[in-house]
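S.K.: Have a look at the structure that comes next, please.
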Amino acid sequence: MKDVIVKTAIRLFNQKGFAHVSMKQIADELKMSAGNLSYHFKTKEVLLANIYTRMRTEAVNYILPDTYLTLHHFEEIIQKFTQHQQQYAFFFQDVVNIVRAYPEIATQYHETTQKRFVQARQLIDYYIETERLKPADEMVNYDQLIHVVWMVTTFWASQAQIAQMPGYTVNQCQPIELLWNLTIPLMTKKGKEEYKQIRKFVKLNKS
């Protein structure tokens, strides 16, 4: 029953926004009493904590699999995270308020984000060592690039809603397209050749 409650709550949160869905609305949607719902999840915060634990479990190991890595792996990471963000759209659309309102979730979120930063740095270092990316210097700061990647992926859903202006289409691309454009200038000749092969591979798979 808990799994049904969680899935129903996620659907309602995605449809109406986390702040606009009460425990009573969830109970009504499930055609159960508020008391029965509280037996499984005492408060909305407890329910959110359960959902966030699920989110962490699903997303924590995206970055460094135990396989041979190519630049295509970067695309796979971003695509997986984009799907993750769509699945839990309510969280990413309201992440600032959720982190402010729920200290325990904020702590877990910060721990997860720090882990992603470390893993992302390890991936960047691997790409530098294998001569796919240029070495860092006074003009290239990969820690800042990692932060930009995090901002784009985390707040993509929010900016898509806010930047709805007549004639503005820049943000109608997928996040990966924007991130590749930021990364291409940092690639070596070897990296650019590999990137071209990846684009051909992706194009063939889509056709």
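The values are calculated or read from the model by the stated rules, or taken from the named source; none is laboratory data. Quick caveat, the model's predicted, so the values are computed rather than measured. Cβ placement follows ideal geometry from the backbone for every residue including glycine, while neighbour counts extend to all protein chains displayed. Surface accessibility is based on the protein's heavy atoms, side chains included, excluding ligands, DNA and RNA. Shrake-Rupley method; radii C 1.70, N 1.55, O 1.52, S 1.80 Å.
S.K.: Kindly list, by first and then second residue, each pair from a residue in the range 88-100 that is of a type in the set (Asp, Glu) to a residue that is buried (at least 19 other Cβ atoms within 10 Å of the Cβ), limited to pairs with Cβ atoms under 9 Å and residues at least 6 apart or on different chains.
M.R.: Qualifying pairs under 9 Å: Asp94/Phe13; Asp94/Phe18.
S.K.: Restricting to the range 150-177, name every residue that is of a type in the set (A, V, I, L, M, F, W, C), under 30 Å from Asp137 (Cα atoms) and in contact with a helix residue (DSSP H, G or I) (Cβ under 6 Å, 6 or more places away or on another chain).
M.R.: Those that are of a type in the set (A, V, I, L, M, F, W, C), under 30 Å from Asp137 (Cα atoms) and in contact with a helix residue (DSSP H, G or I) (Cβ under 6 Å, 6 or more places away or on another chain): Val152, Trp156, Ile176.
S.K.: Is it the case, given these coordinates, that Lys203 is charged (D, E, K, R), assigned to a helix (DSSP H, G or I) and open to solvent by 100 Å² or more (accessible area, probe 1.4 Å)?
M.R.: Against the criterion (charged (D, E, K, R), assigned to a helix (DSSP H, G or I) and open to solvent by 100 Å² or more (accessible area, probe 1.4 Å)), Lys203 qualifies.
S.K.: Suppose we filter the range 178-191 for residues that are touching a Lys or Arg at 6+ places or on another chain (Cβ under 9 Å) and either among the charged types (D, E, K, R) or farther than 26 Å from Tyr142 by Cα (or both); how many remain?
M.R.: Summing the residues that are touching a Lys or Arg at 6+ places or on another chain (Cβ under 9 Å) and either among the charged types (D, E, K, R) or farther than 26 Å from Tyr142 by Cα (or both) in the range 178-191 gives 1.
S.K.: For the subset of the range 192-207 comprising residues that are closer than 26 Å to Asn141 by Cβ and in contact (Cβ under 8 Å) with a residue 40 or more places away in the chain, which member is farthest from the chain's Cα centre (by Cα)?
M.R.: Applying the filter and picking the extreme gives Glu194.
S.K.: Anything in the range 174-190 that is within 20 Å of Ile128 (Cα to Cα) and open to solvent by 90 Å² or more (accessible area, probe 1.4 Å)? List them, or say none.
M.R.: Matches in the range 174-190: Asn181, Lys189, Lys190.
S.K.: Give me the pairs, please: first residue somewhere in the range 107-128 and within 22 Å of Gly191 (Cα to Cα) and in contact (Cβ under 8 Å) with a residue 40 or more places away in the chain, second residue anywhere and exposed (fewer than 15 other Cβ atoms within 10 Å of the Cβ) and among the polar types (S, T, N, Q), beta-carbon distance under 9 Å, and either six or more positions apart or on two chains.
M.R.: As it stands, the answer is Gln119/Asn61, since those pairs meet every condition given.
S.K.: What residue, among those in the range 17-38 that are loosely packed, with under 13 Cβ neighbours inside 10 Å and among the charged types (D, E, K, R), is farthest from the chain's Cα centre (by Cα)?
M.R.: It comes out as Lys31.
S.K.: What pairs can you find where one residue is in the range 32-44 and under 20 Å from Glu104 (Cα atoms) and hydrophobic (A, V, I, L, M, F, W, C), the other is open to solvent by less than 50 Å² (accessible area, probe 1.4 Å) and not in a loop (DSSP other than H, G, I, E, B), and their Cβ atoms are less than 6 Å apart, with a gap of 6+ or different chains?
M.R.: Once the first residue is under 20 Å from Glu104 (Cα atoms) and hydrophobic (A, V, I, L, M, F, W, C) and sits in the range 32-44, its partners that are open to solvent by less than 50 Å² (accessible area, probe 1.4 Å) and not in a loop (DSSP other than H, G, I, E, B) give Phe41/Leu47.
S.K.: Could you look through the range 114-135, keep only residues that are open to solvent by 60 Å² or more (accessible area, probe 1.4 Å) and in contact with a helix residue (DSSP H, G or I) (Cβ under 9 Å, 6 or more places away or on another chain), and pick out the one that is nearest to Glu193 (Cα to Cα)?
M.R.: Glu131
S.K.: Now for a separate question. Could you tell me whether Trp150 is touching an Asp or Glu at 6+ places or on another chain (Cβ under 9 Å), within 23 Å of Gln85 (Cα to Cα) and among the aromatic types (Phe, Trp, Tyr)?
M.R.: Against the criterion (touching an Asp or Glu at 6+ places or on another chain (Cβ under 9 Å), within 23 Å of Gln85 (Cα to Cα) and among the aromatic types (Phe, Trp, Tyr)), Trp150 does not qualify.
S.K.: Next question, about the same structure. Would you point out the residue of the range 40-69, among those that are of a type in the set (Ser, Thr, Tyr) and modelled with pLDDT under 90, that is most open to solvent (accessible area, probe 1.4 Å)?
M.R.: Out of the qualifying residues, it is Tyr68.
S.K.: Here is a further query. Could you look through the range 150-173, keep only residues that are touching a residue at least 60 places away in the same chain (Cβ under 8 Å) and within 23 Å of Thr112 (Cβ to Cβ), and pick out the one that is most open to solvent (accessible area, probe 1.4 Å)?
M.R.: Looking at residues that are touching a residue at least 60 places away in the same chain (Cβ under 8 Å) and within 23 Å of Thr112 (Cβ to Cβ), I get Phe155.
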